[in-house]
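Written below as structure tokens is the structure these notes are about.
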Amino acid sequence: MDLLRVEAALLRAQLPDLVLRPGMTLPGRVMERHGQLGILMLAGRPLSAELPDELQAGDRLRLRVEEVGADRVVLRAVETPAAAAPATPPPPELALPLPGGRQAEVRVTEQADERRAENEPAAVALRYDSPALGTLDLRLVQQPGGGGLQVTIGATAGAPEDYARAAAEELRRALTEATGLGASVRVIARPPEPRVNVYA
């Protein structure tokens, strides 16, 4: 398949904790398309990208990092895209039962490449669909050699962000106790409907 290109500065601004290296793979989805430009959902965040002709809105694909430069990041679709039904989200990897017959759903949105070098950090990104707080994006990065665990939580500004900030220290302590590693937790507020202006 052809290549997708994303501005490196935009990627750093939208996903400051995401470290991309050539050979790494991660899932993506084309949200919108306007000529050669479009909105690509990557690690749970919308990004403006140059798209190859065969990709259409709704296509889900697996992307491999080909090149990381100062100005642009080049990605290659390594699997044939499959158009997703707009009203049907993928099934969750984990559904947790809640009182009242509701459930909280967790989906993996990014996972570390199994072929990574031993001295590279391991990362996983999760999307937690909470009936009470809405969508929470969690990204966990374990530094090599027992160097610690860094957790970033993306929560909608307002009550969800306030709740996440109030619980951050408790989460940090629980992670340290469960893993034996030093942990840090950072909460990032995001607007209710994050959008990227393709024409900016």
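The values are calculated or read from the model by the stated rules, or taken from the named source; none is laboratory data. A quick note: this is a predicted structure, and the numbers were derived from the prediction, not measured. As a convention, Cβ positions derive from the backbone with ideal geometry for all residues, glycine included, and neighbour counts pool all protein chains shown. Quick note on the areas: whole protein, heavy atoms, side chains included, nothing else; ligands and nucleic acids left out. Shrake-Rupley method; radii C 1.70, N 1.55, O 1.52, S 1.80 Å.
Based on every Cα atom in the range 1-59, Rg and the maximum pairwise Cα distance Dmax equal 11.1, 30 Å. Within the range 146-191, the percentage of alpha carbon pairs spaced more than 16 angstrom apart rounds to 38%. Stretching residue 31 away from residue 64 to a fully extended chain increases their span by 10.0 nm, per 0.36 nm per residue minus the current alpha-carbon distance.
Sorted largest first by accessible area at a 1.4 angstrom probe radius, with every protein chain in place, the residues 31, 41 fall in the order 31, 41. With each label modelled as a point 7 angstrom along the Cα→C-beta vector, the residue 159-residue 184 pair spans 3.2 nm.
Amide hydrogen proximity for residue 63: with H placed 1.01 Å from N in the peptide plane, the residues at 5 or more positions away or on another chain lying under 5 Å are 26, 28, 78.
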